[in-house]
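Report on the structure given below.
The values are calculated or read from the model by the stated rules, or taken from the named source; none is laboratory data. All of these numbers come straight from a predicted model, not from anything done at the bench. A quick note on method: Cβ atoms are made from the backbone with ideal geometry, for glycine too, and the neighbour counts reach across all protein chains shown. In case anyone asks, the SASA skips ligands and DNA or RNA and just uses the protein heavy atoms, side chains included. Shrake-Rupley method; radii C 1.70, N 1.55, O 1.52, S 1.80 Å.
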Amino acid sequence: MTATNLPIQPSPIALAWLVWSLGALLYFIGFYQRVAPAVMTAELSQAFQLTAAGLGNLSAFYFYSYVAMQIPTGLLADRFGPRILLLIGGSVAAAGTMVFAMAENIWWANAGRMLIGGSVGVAFVAMLKLASHWMPARQFVLTSGLALAVGVFGAVIAGAPLRLLVDAFGWRAVMWVSAAVTLLVAAACWWIVRDDPSELGYQSFADHQQSSDNDLAVNSVLHGLKEVLRYRNVLLIYVLAGAMTGIVLTFAGLWGVPFLSTHYQLSQTHAAGLCSAMLVAWAIGCLSFGWLSNRLARRKLPLMAGMAVATALWAVIILQPNLSLTVLTILLVLTGFFCGCFIIFFAFAKESVPLRLAGTVSGVTNMGVIQGPMFMQPLVGLVLDQSWHGAMLNGKRIFAFEAYSKGFLLIFIWAVVALVLLAFTRETHCRQTR
């Protein structure tokens, strides 16, 4: 057999994971930026003279643009590939971080957060697209779970470690360094990442006939969106997927630190550590539920179990005001773990449509997932302001346990509704729709 007739070999495993990991680095940064305001609530409130609603809105500006980018990102990933998305996304995220670091008023701070959210919003879909080309289909749930684990590690860095750095150098200096690191990641993505192994002479795991057909489907954003929403599961998943992320990212991503500092007399560093523990448990839960779902060849059953337990645990946290620190810690960790079941939604949605729509449906699903904290962070802040009785400490509003309980109850209601809606989805049994 001549060299030209040799069969095309898969890429080296190390190379495939390197390509995927560089996309994951931008997702790491995105999660870090997503959660960073949680440990800077006092500094941001003082710098921009914010109410609770204003603080929730500042944090949520990240999510507003992030959600808005998900459908275009899925379609653009299908059309142009993830490499250029990662380059542009990382570059704009660095610029947005600089704007945020320099902001002298809330308008510029909101603009910086919006630039960051919209730009890092490309990372998750780009990672999923890279996984579908560089890795076998059976590893899709694994890479989805690992992606969240990488992101959660970014959130952990934005917990107690970020709090210590802010104490030492100030939040603006830390944001300037974050911008520089983000720009380096964007450059590395452009230098090393390739959209498909065939560009380097290796075998691709993508279905190129379907990819070619998809070029026609993505000529119009509305056309691609209309096509994926014809599948019942996609619309249901879009509506209910934010329930579990709403619990974790509303609490650990913003309101957990002030809640724990006020009502359990923890230092901000200790409170940030508890929120980080919740996020770590979330990542472990994602890996565990992804494995379990594949093992059972079921999507709905592990989702139903995880969501039911997480919802029950959340009810205890928000309704019982005098928990011991040990019990509270266990409840937060277990809630984070069972909320990790949400990772199944990505494989569930992907299997619910033809493979050629994988990028688009990933964008729609991620948009649904992120709507949890997008709506709940500012809504909880609004409820807190309405329930405020005038207490202040060091120029910052202090809220009663009952105020937090009312705000967090909104998330509980969404979780209950999501459990009901899940019953109307169609089980895929881990098989791809044709």
Residue separation times 0.36 nm, minus the C-alpha to C-alpha distance between A187 and F80: what's the value? 36.7 nm
For region 34-93, what is the largest minus smallest coordinate of the Cα atoms on each principal axis, given in angstrom and ordered from greatest to least? 44, 19, 15
Can you show me the helix-derived [θ] at 222 nm for the chain, built from DSSP H runs with n ≥ 4 at -39,500 (n - 2.57) apiece and divided by the number of residues, rounded to the nearest 500. -25000 deg cm²/dmol
With all protein chains present, the chain has a carbon and sulfur share of its accessible area (1.4 Å probe) in percent of 69
Measure nothing but the geometry: give the 0 to 90° angle between the long axis through the Cα atoms of 52-80 and the longest principal axis through the Cα atoms of the chain, rounded to 10°. 0
Which trypsin sites (Lys or Arg not before Pro) in region 225-321 pass both tests, a DSSP loop state and at most 16 other beta-carbon atoms within 10 Å? R230
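What is the sum of charges around S261, taking Lys and Arg as +1, Asp and Glu as -1, for the other residues whose C-beta is under 13 Å from the C-beta of S261? Intermediate results must be reported in sequence, preceding the final value.
On the way: positive: R163, K396, R397; negative: none.
Taking every Cβ under 13 Å from that of S261, the sum is +3.
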If one builds a Gaussian network model of the chain from Cα atoms under 10 Å apart, the most fluctuating residue listed among M98, M278, M244 is M98
Principal axes first, then extents: for the Cα atoms of the chain, list largest minus smallest coordinate on each axis, whole Å, largest first. 79, 46, 38
Hey, rough spin-label estimate for A14 and A391, points 7 angstrom out along Cα→Cβ, what's it come to in nanometres? 5.7
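Under a 1.4 Å probe, what is the accessible area of the chain per residue, stated in Å²? Before the final figure, lay out each step's value.
Working: 16840 Å² over 434 residues.
Computed with neighbouring chains in place, this is 39 Å² per residue.
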What net charge do the residues around R172 carry, taking every other residue with its C-beta under 12 Å from that of R172, with Lys and Arg at +1 and Asp and Glu at -1? -2
What do you get for the angle between helix 160-169 and the principal long axis of the chain? Use alpha-carbon atoms, 0 to 90 degrees, nearest ten. 70
What lysines does K300 reach when the alpha-carbon gap must be under 16 Å and sequence neighbours fewer than 8 apart in one chain are set aside? K350
Give me the lysines in straight-line cross-link reach of K396: C-alpha distance below 26 Å, same-chain residues under 8 apart excluded. K406
With Cα springs under 10 Å, the Gaussian network model of the chain assigns the largest mean-square fluctuation among M367, M376, M304 to M304
Rounded to 10°, Cα long-axis angle of helix 358-386 versus longest principal axis of the chain: 10
Report ³J(HN,Hα) in whole Hz for each residue of region 263-280, in order, from the Karplus equation J = 6.51 cos²θ - 1.76 cosθ + 1.60 where θ = phi - 60°; Gly and Pro get x. 9, 10, 6, 8, 5, 4, 5, 5, 4, 5, x, 5, 5, 5, 4, 4, 5, 5
